[in-house]
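**Student:** Okay, here's the structure, questions in a sec.
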Amino acid sequence: MNDTLVLTVSQLNTYVKSLLDADSNLNNIFLTGEISNCTLHRSGHIYFSLKDSGGVIKAVMFSSRASRLGFLPENGMRVVARGRVSLYERDGAYQFYVDDMRAEGAGSLYIIFEQLKEKLYHEGVFSDEIKQPIPRLPKRIGVITSPTGAALRDILNILSRRYPIGEVVFCPVQVQGSGAAESMIDALKRLNGIRGADVIILGRGGGSIEDLWAFNDENLARAVAASEIPVISAVGHETDYTLCDFASDMRAPTPSAAAELAADDIMSLAGEINYYKNAMLAAVSALAGDCRGELERCKNCLVRNSPAAAVHDGMQRLDMSLSRMNAALNDLLRNRRAALGEAVARLRALSPLDVLSRGYSIAEKGGRAVCSASELREGDDIDLKFSDGSAVCRVTSISR
Amino acid sequence: MAKAFSFESGIRRLEEITESLENNGELTLDEALKLYEEGAKLAAACDKKLRQAELKITDISQAEADFEKDGGVSQ
């Protein structure tokens, strides 16, 4: 036993640590397991255990690494961790020093999704206040999607049919796999850089949660929210929600639906133009009708105030005066005629000629009536006047 | 390149014209007829655009090149 080497605990731990550190197999390994006993220390370091059905190992992720982690580790989460195995001399515990870690499986993805959503929500990335309205009649529609996917075909089909007056500015991008989010962020920046569209459709067709995962990239979500051009997200199917959907200005359930939301339908536009045509015509016709009515009123007014009436009036008065004058004249004539008749009758009654017709006759000598026998001499020629003629007679004798 | 007729500004002006024809009581018949004539032409142009349009597809690289060529002025 004397020559037996006696080690201190520290010596042993240092020795074992050196063995572990020297083993290149343990320097950079991927380890899969489920997180348990997870403690997020104030310092930013994360302490936890990784376990599977057969065993457990302590693990630590220092703050310099943990700060770059895209999610917060939680108990029960299955992860794949990359790191090295070494020994913590103070506790004599061998443990796994994690450099990077990815969540594994849908359950974990869901947890990550929820965590990121919470984080971005608090950052204001989803805020209603930064949402922009979608223009109704975009000149250019930016489409960010895969050049080979069904989404592009669907979008182009629908826009060709419904909104052929527009222009599509297409940004071919990678929509899944590593680098997908960066590729889409770049496309958003390029479109914004040249103000190359009035609205952007960002999306892809359906797929598994892993396929759609790039749309849950937090930087992509921030880029969507920051885009000065309004963004319509269209990721997967109706039931798929991604962070881009929350960050976008409008979420469409599918790429086809996004194409319908991005612009009006020309059928309804044609209807609208027709409406304007009719409304304009009606308004102008109404105005013309008003003007015509006004014109009629003016004409009537003119007629009412025309001197023609006064002229007619004058003519009428003149006519009346004339007839009164005529009547008066006729009366006068009638009166005079009657008076004349009377005078004639009276005259006639007094006339000697009337007496003659009763058998009397007038003796005239030298054109003067003989009123006395003494005016006559024997041998005088006298005219005897009868009512219907006269006779010359000679006086043969005179008696008194 | 002559500035193409913009459907959007066309239909916006059409809306404006209709609005003033319907609600501007101060318009004289001459002014109204002039507006109507403008509106009728616009409506015809919009109709024509709708009938003849074909979706144009431009690649982002082309759009960027055009943007550079136009001296950084977006269309």
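**Student:** Choose one answer from A:His312, A:His45, A:His237: the residue with the largest mean-square fluctuation in a GNM of chain A with alpha-carbon springs under 10 Å.
**Tutor:** Maximum among the listed residues: A:His312.
**Student:** Answer with one residue from A:Leu72, A:Met325, A:Thr14: the one whose Cα lies farthest towards the positive end of the charge dipole of the protein assembly as shown, charges on Cβ with Lys, Arg +1 and Asp, Glu -1.
**Tutor:** My answer, from the dipole projection, is A:Met325.
**Student:** Ok, one more. Please report, in debye to the nearest 20, how large the charge dipole of the stretch A:207-269 is about its Cα centre when each Lys and Arg carries +1 at its beta carbon and each Asp and Glu carries -1 there.
**Tutor:** Numbers: 2 positive and 12 negative charges, 23 e Å.
The calculated dipole for the stretch A:207-269 is roughly 120 debye.
**Student:** Something else: Evaluate peptide B:26-33: per residue, the Cβ atoms of other protein chains within 10 Å of its Cβ; return the mean as an integer.
**Tutor:** 3
**Student:** Taking amide H positions as placed in the peptide plane 1.01 Å from N, state which residues far from B:Asp59 in sequence (5 or more) or on other chains have amide H under 5 Å from it.
**Tutor:** When sequence neighbours closer than 5 places are left aside, the close amide H contacts are A:Phe170.
**Student:** Let me ask something else. Name the trypsin sites (Lys or Arg not before Pro) in the stretch A:325-397 that are in a loop by DSSP and that have at most 13 other C-beta atoms within 10 Å, would you? Present the calculation step by step, with values, prior to reporting the outcome.
**Tutor:** Numbers: sites: A:Arg334, A:Arg336, A:Arg337, A:Arg346, A:Arg348, A:Arg358, A:Lys365, A:Arg368, A:Arg377, A:Lys385, A:Arg394; in loops: A:Arg358, A:Arg377.
Qualifying residues, ordered by number: A:Arg358, A:Arg377.
**Student:** What residue among B:Ala45, B:Ala53, B:Ala65 shows peak mean-square fluctuation when chain B is described by a Gaussian network model with Cα springs under 10 Å?
**Tutor:** B:Ala65
**Student:** Longest span of chain B, sites excluded, free of GluC sites (Glu not before Pro) in DSSP loop with at most 10 other C-beta atoms within 10 Å?
**Tutor:** My reading of the result: B:27-53 is the longest stretch.
**Student:** What's the exposure ranking of B:Phe5, A:Phe215, A:Phe170, going from fewest to most Cβ atoms within 10 Å?
**Tutor:** Exposure proxy ranking, most exposed first: B:Phe5, A:Phe170, A:Phe215.
**Student:** Quote the relative contact order of the stretch A:275-400 in percent (integer), defining contacts as alpha-carbon pairs under 8 Å separated by 6+ residues.
**Tutor:** Result for the stretch A:275-400 is 14 percent.
**Student:** Could you pull out the trypsin sites (Lys or Arg not before Pro) across the stretch A:1-51 that fall in loop regions by DSSP (anything but H, G, I, E, B) with no more than 15 other Cβ atoms inside 10 Å?
**Tutor:** Passing both the DSSP loop test and the Cβ count: A:Arg42.
**Student:** Ok, one more. If you line up the Cα atoms of the stretch A:36-141 on their principal axes, what length do they span on each, largest first, in Å?
**Tutor:** Here the Cα extents, ordered largest to smallest, are 69, 30, 22 Å.
**Student:** Using a Gaussian network model of chain A with C-alpha springs under 10 Å, which one of A:Leu295, A:Leu269, A:Leu261 is most mobile by mean-square fluctuation?
**Tutor:** A:Leu295
**Student:** Determine, from the Cβ-Cβ distance of A:Ser53 and A:Ala286 and an R0 of 60 Å, the FRET efficiency 1/(1 + (r/R0)^6), rounded to the nearest 0.05. Don't jump to the answer; show the numbers that get you there.
**Tutor:** On the way: r = 86 Å, r/R0 = 1.43.
That gives a FRET efficiency of 0.10.
**Student:** Set Lys and Arg Cβ to +1 and Asp and Glu Cβ to -1, take the dipole of the stretch A:128-228 about its Cα centre, and tell me which of A:Pro147, A:Ile130, A:Trp213 lies farthest positive.
**Tutor:** The residue sitting farthest along the positive end of the dipole is A:Pro147.
**Student:** Of the options A:Leu340, A:Val355, A:Val395, report the single residue whose Cα projects farthest towards the positive end of the charge dipole of the stretch A:325-398 (beta-carbon charges: Lys, Arg +1; Asp, Glu -1).
**Tutor:** A:Leu340
**Student:** Okay, next question. Taking every residue in A:155-163, how many Cβ atoms of other protein chains lie within 10 Å of its Cβ, on average?
**Tutor:** Counting Cβ atoms of other protein chains within 10 Å of each residue's Cβ and averaging gives 2.
**Student:** Within chain A, which complete DSSP H helices have Cα atoms spanning at least 24 Å along the helix axis and a mean Kyte-Doolittle hydropathy of 0.0 or higher?
**Tutor:** On the way: long enough: A:106-123 (25 Å, -0.21); A:266-304 (56 Å, 0.19); A:307-350 (63 Å, -0.10).
Helices meeting the criterion: A:266-304.
**Student:** To the nearest 20 debye, what charge dipole does chain A have about its Cα centre, counting +1 at the Cβ of each Lys and Arg and -1 at the Cβ of each Asp and Glu? Present the calculation step by step, with values, prior to reporting the outcome.
**Tutor:** Working: 45 positive and 49 negative charges, 597 e Å.
Around 2860 debye, computed over chain A.
**Student:** Can you sort A:Val143, A:Val168, A:Val56 so the residue with the fewest Cβ neighbours within 10 Å comes first? The partial results should precede the final answer.
**Tutor:** Details: A:Val143 30, A:Val168 23, A:Val56 13.
Going from sparsest to densest Cβ surroundings: A:Val56, A:Val168, A:Val143.
**Student:** Sorting A:Met184, A:Met250 on the 10 Å Cβ count, fewest up front, what's the list? Intermediate values should be presented prior to the final figure.
**Tutor:** Details: A:Met184 27, A:Met250 19.
If I rank by nearby Cβ atoms, fewest first, I get A:Met250, A:Met184.
**Student:** So, one more: Let me have the relative contact order for the stretch A:172-286, percent, based on Cα pairs under 8 Å that are six or more residues apart. Could you put the intermediate results ahead of the total?
**Tutor:** Details: 164 pairs, mean separation 25.9, N = 115.
Over the stretch A:172-286, the number comes to 23 percent.
**Student:** If you average the sequence gap of Cα pairs under 8 Å that are 6 or more apart and divide by the length of chain A, what percent do you get for the contact order? Could you put the intermediate results ahead of the total?
**Tutor:** On the way: 591 pairs, mean separation 37.4, N = 400.
Relative contact order here is 9 percent.
Taken together, the values in this text are just the output of simple stated rules run on the coordinates, not laboratory data. On a predicted model such as this, the values are computed, not experimentally measured, just so you know. Ideal geometry is used to build each Cβ from the backbone, glycine not excepted, and the neighbour counts take in all protein chains shown.
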